[in-house]
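The values are calculated or read from the model by the stated rules, or taken from the named source; none is laboratory data. Quick caveat, the model's predicted, so the values are computed rather than measured. Please note: Cβ atoms are built from the backbone with ideal geometry, for glycine as well, and neighbour counts cover all protein chains shown.
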Amino acid sequence: MKKRILTLSLVSILTASAFAYGGGDFRGDRRGGHYGEHQRDGGMKFLSDINLTDEQQRDIELLQVEFRYEQKSNRGEREEIFKSSITTEGFDAEKFKLESLTKATERSTAIAKHIESIFNLLTTEQKTTIYNNLNQ
């Protein structure tokens, strides 16, 4: 029974983490795009149709590199949360859920901050084009 609960908990946190890292659909099912789905040039799909200047492309790529580096430095967090939830008396599900939720919130905050940084580089016309493309 404990093994099943542990397995279900681990599967649910891994699934939630996948969506937090961009596995969820960002542009809607009808368009098939994903936030985490990168194009050949390293950009995000929602930026593909807005005619970025060379300077904007360079600045966004720098932001992308920084963001990827930050995300890579956070790898292993799930394992640490899992390990810290195991005691000699068993599995502390409440601690696991609380620490997992805290980390998921931190990841979501980092993603939101990253996207906001990208949007701050765009013109009003480009933002309008993105909005219109996403809401077609």
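Restrict the check to segment 56-77 and report whether at least one residue is more than 28 Å from residue 45 (Cβ to Cβ) and surrounded by 11 or more Cβ atoms within 10 Å (Cβ to Cβ).
Looking through segment 56-77, none of the residues is more than 28 Å from residue 45 (Cβ to Cβ) and surrounded by 11 or more Cβ atoms within 10 Å (Cβ to Cβ).
Hey, any hits in segment 102-122 for a residue that's without any contact (Cβ under 8 Å) to a residue 24 or more places away in the chain and more than 30 Å from residue 79 (Cβ to Cβ)?
Checked against the condition, which is being without any contact (Cβ under 8 Å) to a residue 24 or more places away in the chain and more than 30 Å from residue 79 (Cβ to Cβ), segment 102-122 yields at least one hit.
Among the residues in segment 17-24, are any at pLDDT 50 or above, hydrophobic (A, V, I, L, M, F, W, C) and in contact with an Asp or Glu (Cβ under 8 Å, 6 or more places away or on another chain)?
There is no residue in segment 17-24 that is at pLDDT 50 or above, hydrophobic (A, V, I, L, M, F, W, C) and in contact with an Asp or Glu (Cβ under 8 Å, 6 or more places away or on another chain).
Looking at segment 118-136, which of its residues are surrounded by fewer than 16 Cβ atoms within 10 Å (Cβ to Cβ) and either under 14 Å from the mean Cα position of the chain (by Cα) or of a type in the set (Ser, Thr, Tyr) (or both)?
Of everything in segment 118-136, those that are surrounded by fewer than 16 Cβ atoms within 10 Å (Cβ to Cβ) and either under 14 Å from the mean Cα position of the chain (by Cα) or of a type in the set (Ser, Thr, Tyr) (or both) turn out to be 123, 124, 128, 131.
Which of the residues spanning segment 63-81 are part of a helix (DSSP H, G or I) and over 17 Å from residue 111 (Cβ atoms)?
Within segment 63-81, 79, 80, 81 qualify.
Go through (1) in a helix (DSSP H, G or I); (2) at pLDDT 90 or above; (3) over 23 Å from residue 136 (Cβ atoms) one by one and return the number of the condition residue 115 breaks.
Result: residue 115 passes all but (3).
List pairs: first in segment 78-92 and at pLDDT below 90 and surrounded by 11 or more Cβ atoms within 10 Å (Cβ to Cβ), second outside any loop (DSSP other than H, G, I, E, B) and basic (Lys, Arg), Cβ under 9 Å, 6+ apart or cross-chain?
As it stands, the answer is 78/103, since those pairs meet every condition given.
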